[in-house]
Amino acid sequence: MKYSPLHNFISGELVPETVSVMEVISPSDGTVLSTVPLSNYEAVNKAVKAAEKAFPVWSAIPVKERAQIFYKYKTLLEKNIDNLSFLVHEENGKTLSEARAEIEKSIEVTEYACAMPQIISGEVLEVSRGVECRLEHFPLGVVASITPFNFPNMVPNWTIPNALVLGNTMLLKPSEQVPLSANRIADLLKEAGLPDGVFNVVHGAREVVEAICDHPGIKAVSFVGSTHVAKIVYKRATSNLKRALTLGGAKNHLFVLPDANVQMTASNVAASMSGCAGQRCMAVSAMVAVGPVDNIINQLVVEAKKIIPGQNLGAVISRSAQERIEKYITEAVNEGAVLLLDGRNCKVIGKENGFYVGPTILDHVKPEMKIAKEEVFGPVLAIIRSDNLENALKIQQSSPYGNAASVFTQSGGIAKYVMENASAGMIGVNIGVPVPREPFSFGGWNESKFGVCDITGKSSIEFWTKLKKTTVKWNPESKTNWMS
């Protein structure tokens, strides 16, 4: 075991729990990295009590001073980017370059949080002679963030900087499959000067999630994961009268038109379907070929063959994930899909115990096939043929998901038509992964998102705070009106 056994991080210190533990396995080679506790309600309660105790003092600190701690945290992320990247690589299996890009995004969202003093400076308006109205943002109290395995550092940092700079205190429940980065984040926040109890980590699985949804001391819950679980968390949290914003899965469609630039389209689509081993909710998993685009598909196969497992393609998270992905491929072939590139039964020399699936491209997939409708979450691309753009859009619009959609074309009119009609919250034009940069927030539509506002960007302010409206009158007036 490479690392010491993990413990919960509560009120600034590691707190061992007398519960069962789970091994943390490196997807790259199958080695045991550490063990993680499978905590229960009592651990959640401890963390909530610590966060409640810290809240009055933390929320009373001026926002500019709270932001100064995150300037230091940002500097520590930059200083430690190499070891943070390696940790993500080890516990998640993605390549080192992908892991580094993840930390760079964490730095970006932290930088945005540092600007909160300017962004939430409040509004004041003289609404009538001698009468002034003021609007201010106030923190909610103790909030919780439940994060997935695919981005061990970035997704926690989607929530931590904004929520804490805005004056809340937090409980983080990371995926039990990738718990190492969460404790390292806690270490860096403590080093940056964050007071004890403001940020806490509770490890575990379903029991911890249920405890977070049920605990009366938690005011808001964010979740990122599968749509199935996102629905459960949203219903359970809101039934307990909490704010909730839960981000689910995706089946992102990418439209390729005959006029698209061949090389740019092929390389972008290959990168989009295989980046992070396809384990990201922004990956393209369904390409809709509109009209005669065989030349682009042929080049796509050429580009995909350059993606080599164990070199520029990382592992999938577990043996069960590998088996599930390969099952999707096999079922699609049995249903009549044409296999242009097969990534099954993949072995990496020297890492034979790792969990790898090579890039896979299936052509002539029918819209009714399972692989065309469900989230595979692997480096697998299903190509669906369509004679025209209207029918192509109907295929996308029929999906229950709505995270992202992209179009590759040189026609501004076609691009605008897709932008206006695709049923998705994030749209790309000649971009395979249309993730918005700060201050624009991340968030999909339909069954890719449950709740209002966002957990990142400017719209996250509305989720992590409550508004106080104050009306003040000091000067006597000769006349009275309805405000008197």
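Expressed in nm to one decimal, what extension gain is obtained for the pair residue 349 and residue 323 from 0.36 nm per residue of sequence separation less their Cα-Cα distance?
7.4 nm
For residue 104 and residue 294, what does the FRET efficiency come to when R0 = 45 Å and r is the distance between their Cβ atoms, rounded to the nearest 0.05?
Calculated transfer efficiency: 0.75.
Quick one: length gained pulling residue 128 to residue 262 fully straight, 0.36 nm per residue minus the C-alpha distance?
42.1 nm
Note down the nm distance, to one decimal, between modelled labels 7 Å out along Cα→Cβ at residue 339 and at residue 440.
Reported label-point gap for residue 339 and residue 440 is 3.9 nm.
Nearest 10 degrees, 0 to 90: what angle lies between the long axis of helix 41-60 and the longest principal axis of the chain (Cα atoms)?
50 degrees
Note down, for the range 1-132, the three equivalent ellipsoid semi-axes (square root of 5 times each alpha carbon gyration tensor eigenvalue), biggest first, whole angstrom.
38, 23, 12
Using a cut-off of 9 Å between beta-carbons, work out the net charge of the residues near residue 369 (Lys and Arg +1, Asp and Glu -1, residue 369 not included).
0
Kindly work out what percent of the DSSP beta bridges joining two residues of the chain are antiparallel, to the nearest 5. Kindly include the intermediate steps, with their values, before the conclusion.
On the way: 28 of 68 bridges.
Percent antiparallel among DSSP bridges in the chain is about 40.
How high is the FRET efficiency from residue 75 to residue 474, r the C-beta distance, R0 41 Å, rounded to 0.05?
0.40
Relative contact order (percent) for the range 252-429, with alpha-carbon contacts under 8 angstrom and 6 or more residues of separation?
29 percent
Relative to the longest principal Cα axis of the chain, at what angle does helix 154-165 sit, 0 to 90 degrees, rounded to 10?
So the inclination is approximately 10 degrees.
State, to one decimal in nm, how far the label point of residue 466 lies from the label point of residue 370, with both points 7 Å from Cα in the Cβ direction.
For residue 466 paired with residue 370, the spin-label model returns 4.7 nm.
With the calculation restricted to Cα positions, what are the radius of gyration and Dmax of the range 343-484 in angstrom?
Every Cα atom of the range 343-484 included, Rg and Dmax give 24.0, 88 Å.
What whole-number distance in Å separates the alpha-carbon centres of the range 344-363 and the range 98-172?
The two parts, judged by their Cα centres, are 39 Å apart.
Return the Rg/Rh value of the range 252-429, two decimal places, where both radii are evaluated on C-alpha atoms and Rh is the Kirkwood radius.
0.96
Compute the whole-percent fraction of alpha carbon pairs in the chain spaced more than 43 Å apart.
Above the 43 Å cut-off, the chain has 19 percent of its Cα pairs.
With unit charges on the beta carbon (Lys/Arg positive, Asp/Glu negative), name the residue among 307, 88, 273 whose Cα is farthest towards the positive pole of the charge dipole of the chain.
88
Regarding the range 41-89, what are the three Cα extents along the principal axes, ordered largest first, in Å?
Per principal axis, max minus min of the Cα coordinates gives 35, 33, 8 Å.
Testing the spin-label approximation: label points 7 Å from Cα along Cα→Cβ at residue 302 and residue 430. State their distance in nm.
2.0 nm
I want to make sure I understand the PRE zone here: with the label point 7 angstrom from the Cα of residue 411 toward its beta carbon, which residues in the range 251-274 have backbone N atoms less than 12 Å away?
256-260
The numbers here are math on the coordinates, done by the rules we state, and not lab data. Since the model is a prediction, treat every value here as computed from it, not as a measurement. Please note: Cβ atoms are built from the backbone with ideal geometry, for glycine as well, and neighbour counts cover all protein chains shown.
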